[in-house]
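Enquirer: Let me begin by handing over the structure; questions about it come next.
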Amino acid sequence: MGREFGHLMRVRPGITYSLSPLEQRAFPHCFSKGMPNMLHRTQACILRVVPPLVVFYFVYTWGTQEFEKSKRKNPVAYENDK
């Protein structure tokens, strides 16, 4: 009554195409088209990416300095202790 596991479905063989590894070019147009495209894309999005990173850096350093300052004891409170 049913089929055994592993033979639940019949799949017809499909057509596959392949190219010999000796005929393939690994990096076609990498330096002639790829590098200028990368520079163009970087210039296009740099004004959207860099300002938030700079703001985050300054807020983070300010917060870290304030935290370290708040951990120190106030020397005025201990002037008369002997």
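All of the numbers you see were taken from the coordinates with simple rules; none came from a lab. Small disclaimer: the values here were computed from a predicted structure and weren't measured.
Enquirer: How much of the pair distance distribution for the chain lies past 23 Å, counting alpha-carbon pairs only, in percent? Before the final figure, lay out the partial values.
Expert: Details: 2389 of 3321 pairs.
The share of Cα pairs beyond 23 Å in the chain comes to 72 percent.
Enquirer: Enumerate the calculated ³J(HN,Hα) couplings along the range 21-32 in order (Karplus 6.51 cos²θ - 1.76 cosθ + 1.60, θ = phi - 60°), each rounded to whole Hz, writing x wherever the residue is Gly or Pro.
Expert: Those phi angles translate into x, 6, 9, 7, 10, 5, 10, x, 6, 5, 8, 7 Hz.
Enquirer: Output ³J(HN,Hα) for the range 61-76: one whole-Hz value per residue in order, computed from phi by the Karplus curve 6.51 cos²θ - 1.76 cosθ + 1.60 with θ = phi - 60°, and x for Gly and Pro.
Expert: Listing the rounded values in order: 5, 4, x, 5, 5, 5, 5, 5, 5, 6, 7, 6, 7, 7, x, 5 Hz.
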